[in-house]
Each structure stands twice: as structure tokens, then as C-alpha cells.
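Presented below is the structure to which this report refers.
No lab work stands behind these numbers, since they all come straight from the coordinates. Quick caveat, the model's predicted, so the values are computed rather than measured. Every residue, glycine as well, gets a Cβ built from its backbone with ideal geometry; the counts of neighbours run over all protein chains shown.
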Amino acid sequence: MIEHLQDRFGIPNVVTFDAGQGGLTRVRITTPLASAEVYLHGAHVTQFQPSGHEPMLWLSAKSMYQTGKAIRGGVPICFPWFGPRGGDGVSPAHGFARISEWQVEAVGQGIDGVVELILSLGSNEHMRNIWPHAFSAKYRVRIGSSLELSLSVTNEDPVAFIFEEALHTYLVVGDVRQVSVSGLEGTMYIDKTDGLKHKPQGNERMTILGETDRVYFDTRAACVLDDGAMDRRIAIAKHGSDSTVVWNPWIAKSKAMADFGDDEWMGMICIETCNVGANQITLQPGATHELGAVIGLG
Ligand code: TA6
């Protein structure tokens, strides 16, 4: 299968298909602008590094790379729900998109050197057994000086359906205790570390002083991550998204996750581009919704 993909979609010295970690099919992209890696498992972008700069996406050294399991780090795609699903005991956390095998639809490189991958996922019987709706999804990944992601979901059903979605981006930081995040000033958030209380962000930049798990809702603003330790700023712009989630598991939660190193919490922060909770999407038959993020040096 890898040889077939290479023959059909490979670009010599630019786009290479190979067996990555755990033998999962991986696409490696090398351009003068940046390098990146994407697994077909979950259409999971696991690496993005602008030329001349440090890697931007964080990956756990303890991540698993196996069917049925989400890769820990990079940009997991959460769809068609976010978080655990109402106690049914069989639905995978954050939906099935990030543990499904996506198909390659197209690969190209523009004269500007930007490489674009288009991956797709359609509903199958297994999915319909746990989420009874027909959908098709396309994921466009553009590798240039910034990482551009867009997830388009089309309702293939004769009736409307409701879904949640997130580009659950894990970013590298030098020390999460020395970062601040701007763009969320003046918004409200749900604090998942404090009984789902609704709280105001106020007018100050957001900082991480302990376990942090916040769903900022009704916000379309770009965020800027200011990383004091690495002396770097990363901008996360977005479209088609009304929610932003910020997460750091801190010490205890890191220890409780098998695929997360006990001390890895200091080197990462999630700033997630979402439509979750009250910002969930209702999609009419035949309609398409696009969620997008552009992640680049600030
Ligand atoms: O986005 C934050 C969050 O919902 C946290 O509550 C935590 O569960 C995190 O996602 C990771 O979820 P996962 O299923 O990937 O372990």
C-alpha cells in the first residue's frame, strides 16, 4: 500500500510515504519553507518545523502508535464529539476521527513551494453504529512557512445532524510556567478543573499556574502564545470556530496518563481550535461546514 501511495502521490525529495512508528503509514514533507509529518491514522499531523526554527508541535515520547489509539501530541482531530461521550462506555473519547484511517485524495506543491495534502474520511457501518449519521469529511493540510489546517464536514444524511469538532493542537514550549496566551481577554470560559464553573477571563493575558482545562466559548479571536523560555511567539489564527480550549495536565494528570511522560507537562500547552458545547454545529442535509486554523510564528 505504501508503494502504491508513493507511486501515485509521492513527489521526489518533497513528499515521501513510508512506514512510521508502529508501522503506521506516514507522509513526510520536506520543503524549503518547512518540514512536516502526517500519519494517515487519524489524519494526524505529528510534526511541523518551519525552516531555521525549532519544531512547533509537541509529541509525547510515550505516545502509542497503534490502531484504536490516538497519537499523543501533534494535532489530533476531534470529531464528531469532544471529550468523553455521555457514559455509553463504547464511544472513544474525542470521537472516532482521530483513530480512523483516512484516505489520500490529492497531493500537490505550488510554485510558492507550499505542499498541500487532501485527506478524506467517510462514515462506515462501525461509525454509524455509534453515531447514526452519514457524513463525509475532507482535511486539507498546507505545509508552508505556517501550518494551515482545514476540516470540512458534509452532511450526507437526509436530515440535519449536530456535531462537535476540534483541532486539538499540542504546542512545544520551553517552560509552560513562563508562557502567556493573548487573544482570550474579555471572554468567558468553562473551568473543567473547577466543577465546570463559568468564569470571566478578565483583561489579563492567560497564564498557566497549575492544571488548566478551559473551554473558552463564543470567541473567534486568534491567540498568540508568548513563550518566554524559548523567546518565541506562536500565533494560532482560526476560521469557522467559536470555541478555543486551553489545556495543560500539570503534574498529577501527567502521571495518570500512560502515554504521557511524568515530566512532559512542562514542555507543552494545548491551544485548540474548536466548536464544542454551546458552540456545537447543526448541519443541514447536503451542507458543508469548514473549521480552520493557521499556526505560525507570531
Ligand atoms: O482538550 C482538553 C481535554 O479535553 C482534556 O480534558 C483531556 O482529556 C485532553 O483533552 C486529552 O484527552 P485525550 O482523550 O486525548 O487523553
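In a Gaussian network model over the chain where Cα atoms closer than 10 Å are linked, find which of Leu184, Leu196, Leu225 has the largest mean-square fluctuation.
Result for the chain, Cα springs under 10 Å: Leu196 fluctuates most.
Let's test the formula: R0 of 35 Å, r as the Cβ-Cβ distance of Glu54 and Glu156. What FRET efficiency results, to the nearest 0.05?
Values: r = 41 Å, r/R0 = 1.18.
With a Förster radius of 35 Å, E is 0.25.
Return the FRET efficiency for the residue pair Leu196, Arg28: r is the Cβ-Cβ distance, R0 is 41 Å, and the value is rounded to the nearest 0.05. Intermediate values should be presented prior to the final figure.
Details: r = 41 Å, r/R0 = 1.00.
Step by step, r from the Cβ atoms, then E = 0.50.
Between Val75, Val15, Val90, find the one with the highest GNM mean-square fluctuation for the chain; connect C-alpha pairs within less than 10 Å.
Val90
Label point 7 Å out from Asp175 along Cα-to-Cβ: which residues of segment 243-264 have amide N under 19 Å?
Only 248-252, 262-264 fall inside the zone, counting backbone N under 19 Å.
Fewest first, what order do Asp218, Asp157 take by the number of other Cβ atoms within 10 Å? Walk me through the numbers before you get to the answer.
Details: Asp218 10, Asp157 16.
Going from least to most buried by this count: Asp218, Asp157.
Please compare each pair in Lys138/Lys255; Lys69/Lys138; Lys199/Lys253 to a cut-off of 32 Å on the Cα-Cα distance and tell me which ones are over it.
Working: Lys138/Lys255 35 Å; Lys69/Lys138 21 Å; Lys199/Lys253 22 Å.
Pairs exceeding 32 Å: Lys138/Lys255.
Specify whether the C-alpha gyration tensor of segment 226-288 places it in the rounded, prolate or oblate class, a ≥ b ≥ c being the square roots of the eigenvalues: rounded for a/c under 1.5, otherwise prolate if a/b is larger than b/c and oblate if not. Could you put the intermediate results ahead of the total?
On the way: a/c = 3.57, a/b = 1.69, b/c = 2.11.
It is oblate, given that a/c is not under 1.5 and a/b is not larger than b/c.
Tell me, Ile295, Ile130 in order of fewest to most beta-carbon neighbours within 10 Å? It would help to have the intermediate numbers written out before the result.
On the way: Ile295 24, Ile130 15.
Starting with the residue having the fewest Cβ neighbours, the order is Ile130, Ile295.
Using the Karplus curve 6.51 cos²θ - 1.76 cosθ + 1.60 with θ = phi - 60°, work out ³J(HN,Hα) for each residue of segment 223-240 in order, rounded to whole Hz, and write x for Gly and Pro.
10, 10, 8, 9, 9, x, 5, 8, 6, 9, 10, 10, 9, 10, 8, 8, 9, x
What does the extension gain come out to for Ala61 and Thr207, with contour length at 0.36 nm per residue minus their alpha carbon separation?
In short, 50.1 nm is gained.
Using the alpha-carbon centroid of each, what span in Å lies between segment 202-229 and segment 2-54?
Here the two parts' Cα centres lie 31 Å apart.
Straight-line reach only, C-alpha to C-alpha below 19 angstrom: list the aspartates and glutamates that Lys238 could link to, leaving out same-chain residues fewer than 8 apart.
The qualifying aspartates and glutamates are Glu116, Glu148, Glu164, Glu165, Glu185, Asp218, Asp226, Glu272, Glu290.
For Ile208, which sequence-distant residues (separation of 5 or more, or a different chain) have an amide H within less than 5 Å of its own amide H, given hydrogens modelled in the peptide plane?
Long-range HN contacts for Ile208: Val179.
At a 10 Å Cβ-Cβ cut-off, how would you order Thr219, Thr288, fewest neighbours first? Provide the component values of the computation, followed by the final result.
Numbers: Thr219 21, Thr288 14.
Result, fewest neighbours first: Thr288, Thr219.
Taking K and R as +1 and D and E as -1, what net charge do the other residues with C-beta under 11 Å from the C-beta of Asp226 add up to?
Numbers: positive: Arg205, Arg232, Arg233; negative: Asp227, Asp231.
That sum, taken over residues with Cβ under 11 Å, equals +1.
Counting only helical runs of four or more DSSP H residues, what would the 222 nm mean residue ellipticity of the chain come to if each run contributes -39,500 (n - 2.57) and the total is spread over all its residues?
Numbers: 3 runs with 21 residues, N = 298.
That comes out to -2000 deg cm²/dmol.
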